[in-house]
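Report on the structure given below.
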Amino acid sequence: MSPEEIDSILQAYGTVVLEQREFLCDAAKLPFPKSLIKQALLAAIRASPPGDARESLKSSYVTIADWQDLTDPNAAAAEMAAEAKSLLEELRTLRL
């Protein structure tokens, strides 16, 4: 993924995030597939030096778990919690 693609994906994702007012968000409203946004976030985290910007990207990586398939809200809430835990553990494992 090129730096331009990463920037485009993250800008589009950031715009959608700023428009959301719900704690649990509909993944269908994401501008790109969730997996692609995660890839872009990880690439940006790896490319960023330690500091506030990197910490913000790491927070965005974990909070992408807020975006779930909302066809079953009860299942979505459980999935959100499990995914957030998994993403946080992934960052720790990668030492990012």
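For the stretch 37-51, putting each phi into the Karplus relation 6.51 cos²θ - 1.76 cosθ + 1.60 with θ = phi - 60° gives couplings of 5, 4, 4, 5, 5, 4, 4, 5, 4, 4, 7, 8, x, x, x Hz, in residue order, rounded to whole numbers and with x for Gly and Pro. Using a Gaussian network model of the chain in which every pair of alpha carbons under 10 angstrom is joined by a spring, one finds that among 55, 79, 19 the greatest mean-square fluctuation is at 19.
For residue 25, the residues whose modelled amide H falls within less than 5 Å of its own, excluding neighbours fewer than 5 places apart on the same chain, are 67, 68. Labels on offer are (i) 1.28; (ii) 0.96; (iii) 1.09, and the one holding Rg/Rh (Cα atoms, Kirkwood Rh) computed from this structure is (ii).
Of the trypsin sites (Lys or Arg not before Pro) in the stretch 1-70, which ones lie in a loop per DSSP and count no more than 14 other C-beta atoms within 10 Å? Mind dumping the intermediate values first?
Values: sites: 21, 29, 34, 38, 46, 54, 58; in loops: 21.
Taking the stretch 1-70 and a limit of 14 other Cβ atoms within 10 Å, the loop trypsin sites (Lys or Arg not before Pro) found are 21.
Where a number appears in this text, it was derived from the coordinates with a stated rule and is not lab data. Because the structure is a prediction, the values reported are computed rather than measured. Quick reminder, even Gly has a Cβ in these numbers, built from the backbone with ideal geometry, and neighbours come from all protein chains shown.
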